[in-house]
Amino acid sequence: MCSFKVRGGVRNMLAAIVAALAGAPVLADDAGLLIIGGDVDDDSGYRVNLGGSWSPTQATVFSLFAARADTATDFGDFIQTSAQFGVDHFFGPVGLTGQVRWSDDEDLLAARTFAGSVYFKGGPWRLAVHGEMRDADFDAFDFNTMIPVRTPSGVQQLPVSGRANCNLDNAGYGVFLSRNSGAWFVSAGGMTYDYDDSDCDVSNIVLPPELTALPVLSREIFRRIAARALDTTGQLVSSQLTRENGLLDSTLSLGLQYQSGMRTWGMEYYRDREEFAGLKSHTVVGSLTFPVGGRSDLEVRLGATDGDVAGTVGFAGLTVYVYLGGGGT
């Protein structure tokens, strides 16, 4: 039988790896955890995950995670490869986490994210404050659009076209609260994001006679020039497989778990709002985790996302957790 509690070991380690602000490390000294899983949805999309963590002491955890997602949008296949490295150290009663994440969305954008959190644990309660910064570079794209320009006769919509290389930076801030008491575990949290730094290098530009140069890149002009790419990223919130990859304005999460013997039942809810088009989605996930061997557990997931674009998309997934070291029995 596995020597670690499902919620205390597997759930916290998985959350640390996927940047969900997990609780303090609880694995034994020199213990490891291997995580292999994946999800499929009813639109023929899929995501596969491979991760691992190592705990040299009960206070410190290092984690490495990689994933590949392949789903569909109205603009064709969306394929993303991502990886992240994280560290979590608990000083007692305060802990710190740090993460570096990288992702590449084929024919769309590449992004780098630096994230960290400070958390406090007191009795069954845990409070975390999280912050992150992301730098996204869009693949070069052609554009042909209308932009608002102030002229002596007022604001006019004028045509411009060309090719652009655009960059978009954003910062995110959030708070997460959880309580672990006996068989029950409850959590709630939210993130909000600011997009106040965008830039585009434009070439092959064609301007109307009224313009001698492209106006200063305001948020509205950026949105129109990069409309095709932003429309694609906006639709990512409509699927559980890709919701975290979109340009989010805000996200809210709620979680509930109940442990009965060696089984853990879970329910999670996410509400996401996309930044540029204001698209919203609601996701509900139910899960059951149980032992499948002396040193391994299996999690089974079922859920659905209801979004403004794709309607309701169902999905299912499996994850295997394998404990390495730490004196398991």
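Each reported figure results from applying straightforward, stated rules to the coordinates on display, with no laboratory input. Remember, it's a predicted structure, so these values are computed and weren't measured experimentally. A quick note on method: Cβ atoms are made from the backbone with ideal geometry, for glycine too, and the neighbour counts reach across all protein chains shown.
Note on Val175 and Arg223: their simple-model spin labels are 2.9 nm apart, each label 7 Å out from Cα toward Cβ. A Förster radius of 30 Å combined with the Cβ-Cβ distance from Asn167 to Ile205 puts the calculated FRET efficiency at roughly 0.95. Ranked by the mean number of other Cβ atoms within 10 Å of their residues, highest first, the peptides 81-89, 256-264 fall in the order 81-89, 256-264. Please name which of Asn170, Gly37, Val160 has its Cα lying farthest along the dipole of the chain towards the positive end, using unit charges on Cβ (Lys, Arg +1; Asp, Glu -1) and the Cα centre as origin. Comparing the listed Cα positions along the dipole, Gly37 ranks first.
Potential lengthening of the chain between Val48 and Asp306 amounts to 90.7 nm, from the contour at 0.36 nm per residue minus the alpha-carbon distance. Evaluated at q = 0.11, 0.16 Å⁻¹, the base-10 log of the normalised Debye intensity for the stretch 6-325, with identical point scatterers placed on the Cα atoms, takes the values -0.72, -1.37.
Residues of the stretch 136-179 with amide nitrogen under 16 Å from the 7 Å Cα-to-Cβ point of Thr212? Output list for this probe position: 150-152.
The stretch between Trp184 and Ser153 holds 4.6 nm of extra length on full extension. This uses 0.36 nm per residue minus the Cα-Cα distance. Using label points projected 7 Å from each Cα along Cα→Cβ, tell me how many nm separate Arg68 and Phe141, to one decimal. So the label points at Arg68 and Phe141 sit 2.4 nm apart.
Here the contact order of the stretch 46-146, divided by its residue count and restricted to Cα pairs under 8 Å and six or more residues apart, works out to 17 percent. Structural descriptor for the stretch 6-325: relative contact order 14 percent, calculated from alpha carbon pairs under 8 angstrom and at least 6 residues apart.
Residue-normalised convex hull volume from the C-alpha trace of the stretch 132-211: 150 Å³ per residue.
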